[in-house]
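Novice: Before anything else, here's the structure in question.
Derivation of every value follows stated rules applied to the coordinates shown; laboratory data play no part. Keep in mind it's a predicted model, so treat the numbers as computed, not measured. Note that we place each Cβ from the backbone using ideal geometry, even for glycine, and neighbour counts take in every protein chain shown.
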């Protein structure tokens with residue numbers, strides 16, 4: 001799809017939603033960007049602020065409303081709306097609130113934009129995506145979640161720094177739940193086509209078991225460190241989401257660790273959504289790619305399945 005024909009709608013005018021809108025405009029991905037939020041005054045202010053900078057970005061129409069009608073005929077909808085986890089609040093409490101929101105919101109979005117691709121960013125994203133697929137009734141692949149795209153970017157950033165290479169030369173994924181049970185796929189990680197376990201840098205540096213453990217822990221704790229320091233994450237998740245948007249609108253067939261039903265991956269057969277590498281294109285997201293995993297990684301993925309299954313079961 002050409003940029004001139006692209007309409008991107010963003011649901012949620014909080015810090016993540018507005019970061020996605022800003023990055024979408026900066027990268028020239030759409031000629032029409034809409035923002036929807038139940039807080040009409042907030043939407044009006046954000047649209048006005050973005051519009052005042054329209055001279056400095058590729059030409060695009062920017063609008064917003066507290067009515068879902070503003071999303072009509074969007075080619076792609078990004079959902080960031082929902083309750084944020086508060087101190088002392090359990091993941092289950094958050095899941096229950098956002099699951100209920102999702103069951104109302106997604107059918108309304110499908111009604112006004114039945115041909116759209118819907119990308120869920122709201123947390124807990126694996127739970128919300130599983131519910132959104134059921135509630136939306138769209139064909140396979142047209143509803144999926146941002147998953148571990150950001151976690152994998154954090155992972156690659158840390159590997160690049162430790163190994164002394166550009167992050168663009170690192171190919172490695174974090175998979176499973178976007179949460180406490182996520183884990184790196186060490187067995188398939190590589191740098192410049194060299195398996196990570198065989199990597200020896202120009203100064204003889206290689207990764208030890210302790211290095212791997214500390215990197216995995218830092219990936220898992222990164223979000224909490226940011227939340228403690230500034231209250232929320234927004235820049236990196238905004239950029240990660242816009243990378244997904246770009247892959248769809250430009251029909252890139254890019255491989256990304258997206259959360260969608262795990263059917264057909266390493267003998268798993270479940271409608272529960274978890275992140276593994278998939279191809280993202282204008283049609284949406286593909287079935288999981290046959291990414292090799294070792295026995296320890298399969299066991300870790302089973303733990304992720306169990307963690308998400310437990311929450312879904314508690315929600316009925």
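Novice: Among the residues in segment 106-118, are any surrounded by fewer than 16 Cβ atoms within 10 Å (Cβ to Cβ) and outside any helix (DSSP H, G or I)?
Specialist: Among the residues of segment 106-118, at least one is surrounded by fewer than 16 Cβ atoms within 10 Å (Cβ to Cβ) and outside any helix (DSSP H, G or I), which makes the answer yes.
Novice: So, one more: Can you tell me which residue within segment 269-301, out of those that are out of contact with any strand residue (DSSP E or B) (no Cβ under 9 Å at 6 or more places or on another chain) and touching a residue at least 60 places away in the same chain (Cβ under 8 Å), is farthest from residue 188 (Cα to Cα)?
Specialist: The selected residue is 294.
Novice: Follow-up question, since we're still on this one. Check segment 187-198 and report whether any residue there is within 17 Å of residue 261 (Cα to Cα) and in a loop (DSSP other than H, G, I, E, B).
Specialist: At the first step, the residues of segment 187-198 found to be within 17 Å of residue 261 (Cα to Cα) are none.
Taking every residue of segment 187-198 in turn, none turns out to be within 17 Å of residue 261 (Cα to Cα) and in a loop (DSSP other than H, G, I, E, B).
Novice: Oh, and also: Going through segment 147-165 one residue at a time, which ones are in contact with a helix residue (DSSP H, G or I) (Cβ under 7 Å, 6 or more places away or on another chain) and either in a helix (DSSP H, G or I) or within 18 Å of residue 195 (Cβ to Cβ) (or both)?
Specialist: Of all residues in segment 147-165, those in contact with a helix residue (DSSP H, G or I) (Cβ under 7 Å, 6 or more places away or on another chain) come to 147, 149-151, 153-160, 162.
Within segment 147-165, 149, 150, 151, 153, 154, 155, 156, 157, 158, 159, 160, 162 meet the criteria.
Novice: Another question, if that's okay. So residue 181 ticks every box in (1) in a helix (DSSP H, G or I); (2) more than 13 Å from residue 273 (Cβ to Cβ); (3) in contact with a helix residue (DSSP H, G or I) (Cβ under 6 Å, 6 or more places away or on another chain) but one. Which box is left unticked?
Specialist: (1)
Novice: A follow-up question, please. Given the residues 62, 127, which is the only one that is more than 30 Å from residue 210 (Cβ to Cβ), touching a helix residue (DSSP H, G or I) at 6+ places or on another chain (Cβ under 6 Å) and in a strand (DSSP E or B)?
Specialist: 62
Novice: Follow-up. Condition (residue is touching a helix residue (DSSP H, G or I) at 6+ places or on another chain (Cβ under 7 Å), more than 30 Å from residue 310 (Cβ to Cβ), touching a residue at least 40 places away in the same chain (Cβ under 8 Å) and surrounded by fewer than 17 Cβ atoms within 10 Å (Cβ to Cβ)) applied to segment 192-206: is it met by at least one residue?
Specialist: Yes, there is a match, as at least one residue in segment 192-206 is touching a helix residue (DSSP H, G or I) at 6+ places or on another chain (Cβ under 7 Å), more than 30 Å from residue 310 (Cβ to Cβ), touching a residue at least 40 places away in the same chain (Cβ under 8 Å) and surrounded by fewer than 17 Cβ atoms within 10 Å (Cβ to Cβ).
Novice: Could you run through segment 248-264 and say how many residues are within 14 Å of the chain's Cα centre (by Cα) and either surrounded by 22 or more Cβ atoms within 10 Å (Cβ to Cβ) or touching a residue at least 40 places away in the same chain (Cβ under 8 Å) (or both)?
Specialist: The number of residues fulfilling the criteria is 6.
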